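What follows draws every value from the coordinates through simple rules; no lab data is involved. No experiment lies behind these values; they were computed from the predicted model shown. Using ideal geometry, Cβ is built from the backbone for each residue, glycine included, and neighbour counts are taken over all protein chains shown.
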Amino acid sequence: MAAAKKRKRKKKKKVLYRKMLLGFSTFLIVFITGLLILKTTDRVRTAKAEEPVVIEIDGEDVSDLTQEKAVDRLMRKYPWNMTVAYGEKTYPVDDRITPIIKQTVADAFEEAAKERERLDSKTFWNRFWQAGGLESVNVKYDLEFGDIKDIAADMAVKVADASNFEPEDSTLTEYDAENGKFVVAPAKDGVEIDKDKLAADIREAFEKGDYEETIMAEGTPIKPQLTADAYKTMGSYTTKTTANENRNTNVRLAAQAINGRIIQPGEQFSFNTVVGQRTEEKGYKTAPAYSDGQTVQEYGGGVCQVSSTLYNAVIAAGLDADQRRGHSYEPSYVTPGQDATVSYQQPDFAFTNTTAHPIGIKASYYDRTVYVELFGVPILEEGVKCYMDSSKLSDIETVPTYVEDPTVPFGQEVVDQSGSNGSVWTTDIVKVKDGKEIERTFLHKTTYKGHEIVIRRNTTVPTITPPPPAPAPEVQPEAQPQEQKPEKKKEKKKEEKKQDSTQEAANAETAQVQQ
């Protein structure tokens, strides 16, 4: 009985083992079959479509392309070569298309990658049951280039900055000594790019899809404020010299030294700096000049006539003098109060170009005439003349210097040096227009010394008149001597004694004066 039960349990175990083996075999068969089905699904999917995700950009299927090749294809569709031209220069317009294409392609490929990752993450059973129908994803993008407003505006500014230029006024450049004229450089027009129109033209071409268009910029000419004909004589003055040849030589050399000088705006002209020291090596001669109130012979004597003539030309031009001093004595070649004395190194004559343009000095000496002209852009209104007007305020009496001279008749005077009185002058600047005075301004007061008066006189010694020579005695026949009367002899001796006494007194007074 026990044995039978034991056999029965063994039989059940065998049946159980067979069922388990059969179940495992069935599972294994199903599993392998599933793998085969999955493999078959992949093959079907590959046969139906190479890629489960389709990428379409602006109507172009780029699914089978790399990202770089997709960019190249779209750039060939939208080539960018827009330029702006002005004159001989060409400027490329910043590429608006390429950055947008690159960004759009990058976004599309990024989304496609995410879709692939999503599809690959599905479970086995989902893919198993979908073996008969594959899921397909279409990634679609359109190119949107937007507005080129900012790029167009920036481009217009860029072209304007590169092409705009200010007009150039005419200006003095040099002095043509051969022709005796200043050279005035011609004026040049400037250019201003029409930025608003250029920006609008760029936007219009972009909106039309003319991405390879060359847009012509338009420039508006800007006229200069100053042309060559604006340079004229600002002021001039003429003086006459003396017949002293040495003095005229000095005047000529000084005029040559300042002739052709160009003074830039804000620059100061100094007569002594430009002319320099007047020396024999430079050709200057000795001529009368004033030094410390005395008339002396000096190298360069007379050059003050050039500085004084220049001074009057400066005032005639409407300019002011920085440094000016009157002579010790009244000048003869200009009205007193209108002179400017110079002596190396001081006193000096100087003025500053306070205009906005260069000023040239023309100076010459010919035929005992000094001429000075300021050439530039006049600052006085049309028809206005400017000059100095001087008037004498008073005379300064010169006290004579008396010199005792016994040879002068007693009680009389002889003028040895006539001299002159001094004087005080006041000078105004006068402006007239069309012959009528419109303005008068006090300029300065000048005091001149008088020349020394020397008078010889005799106030102490009576006039000594030497007796006339005695006539030669006549030869007469001898006469018998006659005895004089005693009264006549006494009178004769008394007269001789009186004359001797008078002569001794005169000699004593003469000796005292000479001491």
Using 0.36 nm times the number of residues separating Leu119 and Glu413, minus their current alpha carbon distance, what extension gain do you get?
91.5 nm
J(HN,Hα) series, the range 319-331, from Karplus relation 6.51 cos²θ - 1.76 cosθ + 1.60, nearest Hz, glycine and proline x
9, 10, 8, 7, 10, 7, 9, x, 5, 5, 10, 4, x
Where a Cα-Cα gap under 12 Å defines reach, which aspartates and glutamates qualify for Lys449, not counting those fewer than 8 residues away within the same chain?
Asp292, Glu330, Asp395, Glu397
Positive minus negative residues near Gly422 (Lys, Arg vs Asp, Glu; Cβ under 9 Å)
-2
Can you compute the label reach from Val403? Point 7 Å from Cα along the Cβ direction, backbone N cut-off under 17 Å, restricted to the range 416-455.
416-420, 451-455
Once amide H atoms are placed 1.01 Å from N in the peptide plane, what residues at a sequence separation of 5 or more from Asp416, or on another chain, have their amide H within under 5 Å of its amide H?
Val454, Ile455, Arg456
Using the Karplus equation 6.51 cos²θ - 1.76 cosθ + 1.60 (θ = phi - 60°), what ³J(HN,Hα) coupling, rounded to whole Hz, does each residue of the range 68-73 give in order, writing x for Gly and Pro?
5, 5, 5, 4, 4, 4
Among all the aspartates and glutamates, which ones have a C-alpha under 16 Å from Lys181's C-alpha, if same-chain residues fewer than 8 places away are not counted?
Asp229, Glu373
Find out how many positive minus negative residues lie around Pro224, taking Lys and Arg as positive, Asp and Glu as negative, among other residues whose Cβ is under 11 Å from that of Pro224.
-2
First measure r as the distance between the Cβ atoms of Ser332 and Thr227, then evaluate 1/(1 + (r/R0)^6) with R0 = 56 Å and state the FRET efficiency to the nearest 0.05.
0.85
Long-range amide H partners of Arg261 with built H, under 5 Å
Ile361
What pairs in Lys223/Lys433; Lys232/Lys285; Lys114/Lys149; Lys69/Lys208; Lys149/Lys223; Lys158/Lys232 have C-alpha atoms more than 29 Å from each other?
Lys223/Lys433; Lys232/Lys285; Lys114/Lys149; Lys149/Lys223; Lys158/Lys232
Could you tally the net charge around Gly283, taking each other residue with its Cβ under 14 Å from the Cβ of Gly283, Lys/Arg +1 and Asp/Glu -1?
+2
Computed from the beta carbon distance with a Förster radius of 60 Å, FRET efficiency for Val183 and Thr426 to the nearest 0.05 stands at 0.90
Using Cα centres only, tell me the gap between the range 147-220 and the range 326-401 in whole Å.
48
Residues Phe27 and Lys69, FRET efficiency given R0 of 60 Å [Cβ-Cβ distance, rounded to 0.05]
0.80
So between Asp176 and His444, what do we pick up on full extension, going 0.36 nm a residue minus the alpha carbon distance?
92.8 nm
Under a 5 Å amide H to amide H cut-off, with H placed in plane at 1.01 Å, what residues pair with Asp405 once short-range neighbours are removed?
Arg457, Asn458, Thr459
